[in-house]
Every structure is written in structure tokens, then in C-alpha cells.
Amino acid sequence: GKRAKLYDLYDDIMLDPVLGNAIEKRIMAITNADLVFKGKNEQSVPELDDLIDSPAFEYLLKEVMLSIFYGKSVIELDFSNGFNAYSIPRQHINTVNGVITPNPGDTTGIPYTNDDFLLDVGRNDNLGLLLRAAPLAIYKRGGFGDWSQFVELFGMPRRIGKYSSHDEESRKLLEEALEAAGSASWMVVPKESDVETQTTTASQGSTTVYREFRDACNEEILIGILGQTMTTQDGSSRSQSETHKEVEESINKADRRFVQRV
């Protein structure tokens, strides 16, 4: 039930633009939908129409949807001055004991079940869809780090300065000159040395593996969150794109029914 470290990780990987955008896309399908509350006579209720059309209610819908990805949302509802909503920080939720803890990792606190002003959304044993995406986002971040290091090492031609092995003063002057002459990598070697340098042109083909790795991670993240890829990335044909759109709409319909039941 102590999920503080897990939710710290989830908050961190949500910085991934592809993952974050895919989740926002599912949430916007709910916040952009027309929601109407009707009374027994099938007429809308003006007071509730105003409540539904408020920023606080949109925030409530968003937090209900985030329970799908985080596994749990506990939302405090406040009617003291109009309507407001506040999502309890998930690091403070202990799902085994059913309490809101003063500090992350505590086992005792305020019960969040059977309280008219606390909306408990999500199963206590559900870790959310982000559990599927976490490894891919972490691999992708590591791949970008390797790619960045590759660019740093081989993105510019390396400069080589040669000095006479018997002239130590020339070596020092050469090092100072190269260090002050820009950010490209450089080395200083004796003239008698034999140094082989990999040029930028020769190294360009090696970037393909990094690009393909990134694309593969992005594709798997989109499949895990949206069920498909073509409504976010370029599609190969109209028929395939339409099929992928049908998959997305099916997921959006399931989300609408989930939020409606909550």
C-alpha cells in the first residue's frame, strides 16, 4: 500500500512529451464531451449546468480520468463556497489501509472510504496504465542520453594538434590554443604518433540505431495508452488510419462510460 516511490516515478515519466500527450488526448476526449444532467422530467437543471461548466468540474473530470493511469484518485469535494475539488497527492494515499497519510510512507492517517466529501476512484489493487509505459519511457530516456553523448563525441570533426615529442613547451602552448578555439573535441599528440580519427561523415550512419530505438519506444507507449499509433503519428494508408480511429473512439467510449458511472 505504500506507493510514494511508485508515484514519484510516474510523475517523473509524465514529463515524456509522447506519453504526456497521449494521456492528455484521452483526457480531452472526456473534458471536451457534452455532459448534461437531466432531472426526472428529462429537463436539464440550471444549477447543475452551471456546476458542470465550471473549471473545478473540469478538474474533477481530469482527476477521475487520471485514476486510470495512476490506479487511484482520492478527490475532496468542497461545497462551502460554490463548488471546488482537490485531488489528494497520491504519495499520501495508503491503499491497503485505506487512509490518507500525513507523510508519504506512513501507515496510519485519515480514512478516505465512506466519506460523503471524499470521492474514491480506482481499485486499491490497481497500479494503473502507467505501469505498462514506465519501462518504455525509462529505456527511451536512456537511449536519448546515449544519443546525446554520441552527438557530443562525434557530432563535430575532432581536431588533432601535433608537437615534437622533445618540445614540452610547444605541447602546452598547443593545448591552450586548442582549448580556447571552440567546443569541438581535440587532442594533442606527438608528431611521431599514429592517430586514427572517425569523421562526422563516417559516423552519421550510426545514428540510425538511436532513431529506430526512440521510434520503437514511442510506438509501444502509444499502443499502451491509445491502443494504436496512427491518430498521433503518420499513417501508412487511409483505411488503416480509419481502423486506428475506430480503436481510439472505442477507448474514448469506454472512458466516457467509466466517468459517467463515477
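The values are calculated or read from the model by the stated rules, or taken from the named source; none is laboratory data. Here the structure is a predicted model, which is why all the values come from computation and not from measurement. Reconstructed Cβ throughout: ideal geometry from the backbone, glycine too, with neighbour counts over all protein chains shown. The accessibility values were calculated without ligands, DNA or RNA, using every heavy atom of the protein model including side chains. Shrake-Rupley method; radii C 1.70, N 1.55, O 1.52, S 1.80 Å.
Hey, could you check the stretch 175-205 for residues that are under 19 Å from Trp147 (Cβ atoms) and open to solvent by 50 Å² or more (accessible area, probe 1.4 Å) and say which is modelled with the lowest pLDDT?
Ala202
So for the stretch 106-123 (the condition being β-branched (Val, Ile, Thr), over 17 Å from Lys5 (Cβ atoms), open to solvent by 40 Å² or more (accessible area, probe 1.4 Å) and in contact with a Pro (Cβ under 9 Å, 6 or more places away or on another chain)), does at least one residue qualify?
Among the residues of the stretch 106-123, at least one is β-branched (Val, Ile, Thr), over 17 Å from Lys5 (Cβ atoms), open to solvent by 40 Å² or more (accessible area, probe 1.4 Å) and in contact with a Pro (Cβ under 9 Å, 6 or more places away or on another chain), which makes the answer yes.
Test each condition in (1) touching a residue at least 12 places away in the same chain (Cβ under 8 Å); (2) of a type outside the set (A, V, I, L, M, F, W, C); (3) on the phi > 0 side of the Ramachandran plot for Glu42 and report the one that comes out false.
(1)
Can you say whether Lys172 is open to solvent by 40 Å² or more (accessible area, probe 1.4 Å), touching a Ser or Thr at 6+ places or on another chain (Cβ under 8 Å) and farther than 30 Å from Lys2 by Cα, as far as the supplied structure shows?
Against the criterion (open to solvent by 40 Å² or more (accessible area, probe 1.4 Å), touching a Ser or Thr at 6+ places or on another chain (Cβ under 8 Å) and farther than 30 Å from Lys2 by Cα), Lys172 does not qualify.
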